[in-house]
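Throughout, read-outs are computed from the coordinates displayed, never taken from laboratory work. From a predicted model like this one, the values you see are computed outputs, not experimental measurements. Cβ atoms come from the backbone with ideal geometry, glycine included; neighbour counts cover every protein chain shown.
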Amino acid sequence: MFENLSSRLTRTLDALRGAGRLTEDQVNTAARELRMALLEADVALPVVRDFVDQVKARAVGAEVTQSLTPGQALLRIVQQELTATLGGKSEALNLRTQPPAVLLMCGLQGSGKTTTTGKLALRLREVDKKKVIVVSCDVYRPAAIEQLKIVARNVEVEWFESQAGQDPVVIAKSALEYAKKQYADVLIVDTAGRTAIDETMMQEIAALHAALNPIETLFVVDSMTGQDAANTAKAFADRLPLTGVILTKTDGDARGGAALSVRHVTGKPVKFIGVGEKSAALEVFHPDRIAARILGQGDMLGLIEETTRKVDADEALRLANKLKSKKSFDLADYREQMQQMQKMGGLDSLLEKLPGGAKLQAQVQKAQPEREIKRAIAIINSMTRQERRYPDLIKASRKRRIALGAGLEVQDVNKLMRQFDQTREMMKKMQGGGMAKMMRSLAGKLPPGMMGPPR
Amino acid sequence: MSLETPVGNRESSLVKSLRARLNKGDSWLTYDLGRLFSADKLREDAIDQLEERLLLADAGVDATNWLTERLGYDLRAGRIKTEVQLRAALRKALLDLLLPVAKPLDFPAYIKPYVMFVAGVNGVGKTTTIGKLATRLKRDGKTVMIAAGDTFRAAAVEQLETWATRAGVPLISQGAGADSASVIYDAVSAAKARGADVLIADTAGRLHTQIHLMDELRKIKRVVQKLDPFAPHEVMLVVDATTGQNALNQALQFHEAIGLTGVTLTKLDGSAKGGVLLAIARRLALPVRFIGLGEGIDDLAPFDAVNFVDALVGDDA
């Protein structure tokens, strides 16, 4: 729906090629594009203004190195500034206090406080091996307390009982008392959602803060929030000494400009991001990744990380060596290749991290690559060892048998054989240093730094 | 936060109460409009100022450009010289934008039960809206039933139960973890058997990018159509007024999955300006049904473009 920033900048700036440094004219032209792109990503206007000025100041006169176009050069500056503004590096929860360490959750209605409370509790229990107690001070929304009770049971942490109609401050105090007696490491206090202009409710959260003296006061904000993110964050920060921010629902396709607004307005680090409805779907915040996302460039780092985690490196190496040592690429190798692909969680999870992936994802979904891979494997499984080694053996009658064995049609077998032939052709080309050549030519086309340090 | 709010729904006071509720009486668009004039002349940067206000309200680049270009045209043609004229021009432009989408929900007598799906992303206020809507319809003399289709989120059924009790309408549920499509299918057949006028089906909040969850919505629709090939008669998307430009993506994706017939904008009582309504009106031809103005049971009003625009472009704001 929105043109991403890199194509915007490249389009407007690359016409003005040639200069060794970015000129003021160029930067001003680009500033407009940058402003629009940030607004479309829901970054709050005052923040956009500050940020654009910041970029301008740095960009004018900046050197355009030979390998880069002016657009790319500027984009790099924008990206660096954005990452810096977002906090540079990720920050962990602060639990350095006499236990119990109290975490107070606050935010607007529907931002995801209760769900996040559960996710945090799970993370603290599992990853940090802490004894966690959760309590809900939301005495207003129907079944809010019940919701936390269920969430707590699901993540297997203790839930301190509270009831609608009780005074939130009284609940908080008795929960703290209880947590002390139980020698709990962490007490997470969930609160009702409130709008920042609701004076009574804002007084209540301030009273809760005073009663609990929490080590972390976490502002929970929906990543889809628009311009209001800045106002609300400011209003909360004025009343409460916030210590961190949690950005929720980032598994959607919102650009997440709210992260920049909130960070800029409160000066507090984003500590975690919610990435799904499951209790484990909470990730440490990486400023550089959100920066890339706001700019519409996709989460390349996350993608690379996921790929390296999932692909069995030994297996891949073995396959590669085998291909090198052997003259021919046979159907058994082809099957192994596809099994590797299956292990990577399919194209789906990869695509969603690529720039413009959401759209691609929808298209790919229609083609059902997952099912195709499964079928191909089934077909190869129905062959004899001999057939896998010498695919040329497979003629009409064998095809009929294989199709029957896989529960498919002969056409499907034909299709697989055609795909296999194509892959084999490609493999042949890649042998004899072809691969290295391909990588070299690719490297020239990628932005610097993306290839990673040479291993 | 009061749960019982007195209603002032007499036509005359509606604009006033709407004004009071929208951003606590602070019209984001036209506060100190007089300041855009100096010595009875519109200041040079007036259009820029308005543009900024629109952008700050999440109206989005597209709707904002459309509005400011229109005003700029009137300005150059010399039609805007005074504050009153500027107000009138703004009012007219906003009405042109919003009137076509202000189509209230209509329940024809020959459709019974009138099946309504309520969908949206997580945390926009679907359940709360259903509670308020059921109360409203019951007060209008309709027999209403609610289906607890959100079987996923913890305590969603309990939350809806509380609302159903408040509204005094029956709730059909199978508890948490049940199949959403099956609950709603049951509810539609129950509504048929009992001769209810309206059945409102809650659904679990889902991000529009979760393909399998969008498929689940398609399934619910398919299953319900076995009982009534024309159901659902209304598929209402609930959008949070604090949402930014992502609201458009939400609407497009939900529309592609189950075909939306209306939108309700919630949480307009907060500090968010809900300008995303303008973006929605500009980009999608979807009727806006209701606006949510608080957590009380009566804090839901049918969307009326004239009242809404009057509340924004008041003469004393």
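Phi angles across the range A:379-392 convert, under the Karplus curve 6.51 cos²θ - 1.76 cosθ + 1.60 with θ = phi - 60°, into 3J(HN,Hα) values of 5, 5, 4, 7, 8, 7, 4, 4, 5, 5, 6, 10, x, 5 Hz, Gly and Pro given as x. Projected label points at A:GLN166 and A:ALA92, each 7 Å from Cα along the beta carbon direction, are separated by 3.2 nanometres. Peptides B:72-81, A:147-156, A:23-32, B:126-135, ordered by how many other C-beta atoms sit within 10 Å of their residues on average, highest first, read B:126-135, A:147-156, A:23-32, B:72-81.
Put simply, the amide H of B:VAL235, placed in the peptide plane, has neighbours under 5 Å in B:PHE117, B:THR261, B:GLY262, leaving out anything fewer than 5 places away on its chain. Of the residues A:ILE197, A:ALA229, A:HIS264, the one whose Cα sits farthest towards the positive end of the charge dipole of the range A:193-302 is A:HIS264 (charges of +1 on Lys and Arg Cβ, -1 on Asp and Glu Cβ, taken about the Cα centre).
Here the Debye sum runs over all C-alpha atoms of chain B as equal scatterers in vacuum, and log10 of I(q)/I(0) at q = 0.15 Å⁻¹ comes out as -1.14. Taking Cβ atoms as reference points and 10 Å as the exclusive limit, the residues near B:ILE80 contribute a net charge of +2, counting Lys and Arg as +1 and Asp and Glu as -1.
Taking every C-alpha pair closer than 8 Å and separated by at least 6 residues, the mean separation divided by the residue count of chain B gives a relative contact order of 28 percent. Using only the alpha-carbon atoms of the range A:371-417 as identical scatterers, what base-10 log of I(q)/I(0) does the Debye formula give at q = 0.20 Å⁻¹? So the normalised log intensities work out to -0.53. Legend: distances between Cα atoms for A:LYS113/B:LYS142; A:LYS89/A:LYS113; A:LYS129/B:LYS132; A:LYS181/A:LYS249; A:LYS89/A:LYS129; pairs beyond 32 Å are A:LYS113/B:LYS142; A:LYS129/B:LYS132; A:LYS181/A:LYS249. Placing +1 on each Lys and Arg Cβ and -1 on each Asp and Glu Cβ, with no other charges, gives the range A:101-294 a dipole about its Cα centre of roughly 440 debye. With neighbours defined as other Cβ atoms within 10 Å of a residue's Cβ, the residues A:SER382, A:SER328, A:SER162 order from fewest to most as A:SER328, A:SER382, A:SER162.
Here the spin labels are modelled as points 7 Å beyond Cα on the Cα-Cβ line, and at A:GLN411 and A:VAL284 they lie 5.2 nm apart. For chain B, the 222 nm mean residue ellipticity estimated from helices alone, with every DSSP H stretch of n ≥ 4 adding -39500 (n - 2.57) and the total spread over all residues, rounds to -14000 deg cm²/dmol. Computed over the range A:145-231, the convex hull of the alpha-carbon atoms projects to a mean area of 6.9 nm². Remark: spin-label model distance B:LEU227-B:LYS138 equals 2.0 nm, labels positioned 7 Å along the Cα→Cβ axis. Highest average first, the peptides B:165-171, A:243-249, B:231-237, B:152-158 ordered by how many other beta carbon atoms sit within 10 Å of their residues are A:243-249, B:231-237, B:152-158, B:165-171. Counting Cβ atoms of other protein chains within 10 Å of each residue's Cβ and taking the mean over peptide B:48-56 gives 2. Amide H contacts for A:VAL102 (H built 1.01 Å from N in the peptide plane; partners 5 or more residues away or on another chain; cut-off under 5 Å): A:LEU187, A:ILE215, A:GLU216. On the beta carbon distance between A:ASN213 and A:GLN80, with R0 = 45 Å, the FRET formula returns roughly 0.75. Beyond 11 Å, the tail of the calculated P(r) for the range B:249-296 holds 71 percent of the Cα pairs. Gyration tensor over the Cα atoms of the range A:101-294: the corresponding equivalent ellipsoid has semi-axes (square roots of 5 times the eigenvalues, largest first) of 25, 19, 14 Å.
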